[in-house]
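Q: Structure in structure tokens, see below.
The values are calculated or read from the model by the stated rules, or taken from the named source; none is laboratory data. What you are looking at is a predicted structure, and each value in this text was computed from that prediction instead of being measured. Note: ideal-geometry Cβ built from the backbone for every residue, glycine included; neighbour counts use all protein chains shown. These accessible areas exclude ligands, DNA and RNA; they are computed on the full protein's heavy atoms, side chains included. Shrake-Rupley method; radii C 1.70, N 1.55, O 1.52, S 1.80 Å.
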Amino acid sequence: VDELRESPPGLERRPREGRRLRRGSRPDADGRTALSVVDDVIASPTYAGHLAEALRALLATGARGIVHACNVGPVSWYDFAAEALQQAGLENSLDAIGSGEWKSGARRPRYSALDNARLRELGIAMPDWCAGIAAYLADRSARLDTAAAQPTRRDSEPHPE
């Protein structure tokens with residue numbers, strides 16, 4: 001969760017060493033960061049890997065016009081955050097807040113979920129948003145494992161005798 005490129009409205013990332021806590025987060029009783037997440041904004045969060053696969057398939061159809069492609073199922077950012085934390089095995093506390101409590105520079109619609117009807121008509125199916133979280137976490141874990149297996153510059157330098 002702390003590696004999300006763009007946080008949904010109201011989702012606070014866990015602080016890294018040396019970083020200040022972002023507005024809306026606070027330590028819980030166990031010292032973990034409690035997250036304040038908007039519970040009244042509904043959207044269609046989509047994993048980029050799933051979107052790329054759908055776009056590849058869509059290009060092959062030659063279709064024209066507007067086609068929505070997103071992970072299936074509308075979800076509040078609060079429920080999305082709860083599922084992401086559960087799948088990641090994190091035990092941070094979640095505080096549900098209303099969108100009126102979240103001071104954002106952008107005004108956001110309360111319901112912005114999309115429907116993939118045209119995409120389905122073209123024979124292209126998208127996984128649900130829970131599968132999107134699982135795929136993101138699996139890809140992130142694989143990238144971290146690959147990075148950890150790469151020798152660092154010091155590891156690859158010859159050692160003085």
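Q: Please return the ranges of helices (runs of 4 or more DSSP H) entirely within region 33-140 where 3 or more residues are of a type outside the set (S, T, N, Q) and open to solvent by 60 Å² or more (accessible area, probe 1.4 Å). Outline the logic, then answer.
A: Values: elements: 48-61, 77-88, 117-121.
Filter on region 33-140 gives 48-61, 117-121.
Q: Now a separate question. Modelled with pLDDT under 95 and more than 22 Å from residue 137 (Cβ to Cβ): is that true of residue 31 in this structure? It would help to see each step written out before you state the result.
A: Working: modelled with pLDDT under 95: yes; more than 22 Å from residue 137 (Cβ to Cβ): yes.
Yes: the conditions hold for residue 31.
Q: Please find, among 119, 144, the residue that is modelled with pLDDT of 95 or more and either out of contact with any Cys (no Cβ under 6 Å at 6 or more places or on another chain) or closer than 30 Å to residue 40 by Cβ (or both). Write out each step before concluding.
A: Working: 144 fails: modelled with pLDDT of 95 or more.
Of the residues listed, the single one that is modelled with pLDDT of 95 or more and either out of contact with any Cys (no Cβ under 6 Å at 6 or more places or on another chain) or closer than 30 Å to residue 40 by Cβ (or both) is 119.
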